[in-house]
Structure formats: C-alpha cells, structure tokens
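FYI, it's all coordinate maths here, none of it is from the lab. Note that this is a predicted model, so its numbers are computed, not measured. Quick reminder, even Gly has a Cβ in these numbers, built from the backbone with ideal geometry, and neighbours come from all protein chains shown.
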Amino acid sequence: MRNKLIYFILLAIGFTSIIQSCQNETSINFKRYYVNGKGIYEKNCQNCHGSDGKGLGTLYPPLTDSTYLKLNKNSLACIIRNGQTGTVKINNISYEGIMPGNETLADIDIAQVVVYITNSFGNKQGFYDSETAKKDLEKCN
Amino acid sequence: MRKVLFFALATFIFQSCSDTSDKKLPILGEREPVEKTIDGKQVIDTIYQTVPPFSYLNQDSIAVTDKDFDNKIYVTDFFFTSCNTICPIMHRNMLNVYNKFKDNPKVKFLSHSIDIKYDLPSRLKTYATKLGIEGNQWEFVHGSRDSIFGIAAKSYLVSAFEDSTDPQGLVHQGWFILVDTKKQLRGAYDGTKEDQVKQLMNDMEQLLKEEFGDAK
C-alpha cells in the first residue's frame, strides 16, 4: 500500500515535470521567435507599416486588424515571401497598394516575423513555428 | 558675499532666458561678402544663397511657383510615390510636422517628385489623398528632369539622381530643408530620424518668431 503510494507520487512528479519542461520549451521558443521577429520587422517592414503597426494613411495598411490576421493566419507567410497587390480590406477600410516580396527571408525568418506581428499591436495569436511556415509556403499560389 | 552670489545667479538666469528667445537659426549654403556704403561709411555685408524662381505642376495640375511661397516659411524634400525604402518613413514624419502647423497660413510644405516619368500630377493626387492631404498647404510637384534635379543639387543641397544600379533606379537623400521668407536655407534635418524631425518643429517655431514676431 505504502509502496504503491510512493510509486504514484513519483509518477505524478515525473509527469508534471515533463509537461512543464515542454511548456517551458515552447515559451522559450516563443520568446526567441518574438525577439528575432522584432529585429526582422524593424529591418524589412517598419518603414511602411510603422513601429506601432499603424501603417500610413491609406498608402500602407495597419497590422492591427486581429480578425484579418486570424482569418489569414496561414496565408501570412506567403504574403510576406511574395508580397501582395490588389485591394485588401483592413479594419473596414480598403487599401490598394503594392507590397514588395521578401525573397531573401528564410522560412524561419518568416515564421519569426509572423510571431512578432501576430503578437504585437494588440494581436495575441500565440506561437507559429518554422515547420508550419514551411508547409504554408509550399501552398503559396 | 551674499549679494554677489545673488547677482551672479540673477544674471545667469537672465542670460539663460534671453538665450533661448534671441538665438537665431544659422543661414546655410554659400555666402559672398559685398561692400556697401551706408551713411557714407564702407561696410561689409554678406549675401547668402537663395532659392531661385521655379515653376512646377502640383497634384491638382496647377502651376506652383516661388511666388506661392512669398512671405511664408516652408519645408521641402525630394521623394517619389513608388519609393519603398525611406520615403514612407520621411512622409510619416513630415505628416507629423504638417499636422502641427496645419492651417497656419505662414507655413507651407513642398515635396518634389524625382520620378519624372511616372509621377504625373494625377499620381501625385492619389498619393496625397492616400496620405490624407487636402488643399494646397502641402504641394506635391512634378517638373522637368533638369529643373528638379538641378534645384535639388544647387539650391537645396540635396543629392538626388537616377542610378541604373539601384533596384528602383532612383537615389535620393532624405533631408528636410527649412527655407525662410527670404528664400534662404535655415536648416537641414534627416527626415528619417524622429529626433531631428522634432528639432525641425522647434526650429520652425523659432523661425516663425524671428520672421513674424510673436503674432501667430
């Protein structure tokens, strides 16, 4: 009886610590992606979209439309890699411009900048890893 | 001893006050000494570089000339509408300056496009509208190749040129140039740097005071 109890407690401790270390790994990865993503954003995106993600007039759309970013979560990587033209509706305002592509950004860079923009400027979408970015990028049209 | 200290302190305070209000902005560019006779005495005066007459078309396809800037101070720069590097930063900052002096009849803004081929008035109009600019306090102008590149280099001391090795084919510096009512250059600020743009706004207040007194 007593042995069983000790066995159970040990098992429980082991289990929670495994779960915790997984969580820690995700949150460490998240932080790493976010910080790197911020640097990539400042270098490649901030001139148009602004340090506060508010864009500029109707020349450049803001990145503050959480609904748009959520609905297009799996297209963001393609938008960033290949750019975008035509009309987009952001916060109910139409924007028509040319966003240049970023062919030199690697899959991991794109994942990192996605993590940054989808968790800044009032957005809170959580993690997006480079494996998912790779899959999304294979489906770009 | 106390009195001395008091005097020293008083003059110090007095000086530090007068310093800020009387300080004049420097006059930039080339200068030339000339001899003049005032009341029968020979004196040396200095003639400073000024912006020569110009004529361009603005976003409403209306001619804009140096006359439209008479009795005003203005801020000028060089850009083009499809520029996707420093121009968005410059005009985000310029927009802040514009909003601060909006509707002040003594202040104007003049942005020259260096994309002679594509930035025709209609395209400048679309750009201005998207930036949120109405009216003509901020002029976006189109001109001939020689008149635009010439005035950039010679009159505003801003480097701008066509360059086939650049991805966009056009290279220019991001300076904001402050010009006074005599068409003299009074300041040059990096339009991509927020602290320098703040300095520009302060200097504009100061220049307005110098030119028009305290009356707004």
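Taking θ as phi - 60° and the Karplus parameters 6.51, -1.76 and 1.60, the scalar couplings of the range A:86-99 work out to x, 10, 10, 10, 10, 6, 6, 10, 7, 10, 9, x, 10, 9 Hz in sequence order, x denoting glycine and proline.
Summing charges over all other residues whose Cβ lies under 15 Å from the Cβ of B:SER159, with Lys and Arg as +1 and Asp and Glu as -1, gives -4. Under 14 Å of direct C-alpha separation, and excluding same-chain neighbours fewer than eight residues apart, B:LYS154 reaches these aspartates and glutamates: B:GLU30, B:ASP77, B:ASP146. Each residue of the range B:147-155 is assigned a 3J(HN,Hα), and the resulting list reads 5, 6, 5, x, 5, 4, 6, 7, 9 Hz, derived from the Karplus form 6.51 cos²θ - 1.76 cosθ + 1.60 (θ = phi - 60°), x at Gly and Pro.
How many percent of DSSP beta bridges within the protein assembly as shown run antiparallel, rounded to 5? Within the protein assembly as shown, antiparallel bridges account for around 75 percent of the total. Helices meeting the span-like rule in chain A (full DSSP H runs, Cα extent of at least 18 Å along the helix axis, mean Kyte-Doolittle score of -0.5 or higher): A:2-44. A cut-off under 14 angstrom between Cβ atoms defines the neighbours of B:LEU120, and their net charge, with Lys, Arg +1 and Asp, Glu -1, is +1. Less than 11 Å Cβ to Cβ from A:ASN123, Lys/Arg counted +1 and Asp/Glu -1: what total charge do the surrounding residues give? Result for the local shell: +2.
Within chain B, antiparallel bridges make up roughly 70 percent of the DSSP beta bridges whose residues both belong there. Using equal-weight Cα scatterers in the Debye expression, the normalised intensity of the range B:51-212 in log10 at q = 0.08 Å⁻¹ is -0.20. Taking the square roots of 5 times each eigenvalue of the Cα gyration tensor of the range A:27-138, largest first, gives ellipsoid semi-axes of 21, 15, 13 Å. Helical runs assigned H by DSSP (4 residues or longer) give chain B a calculated mean residue ellipticity at 222 nm of -10500 deg cm²/dmol, each run adding -39500 (n - 2.57) before division by the residue total. Along its three principal directions, the equivalent ellipsoid of the protein assembly as shown from the Cα gyration tensor extends over semi-axes of 53, 31, 17 Å, largest first. Straight Cα distances below 20 angstrom link B:LYS100 to the lysines A:LYS54, B:LYS72, B:LYS108, B:LYS130, B:LYS193, B:LYS198, B:LYS209, B:LYS216, with same-chain residues fewer than 8 positions distant left out.
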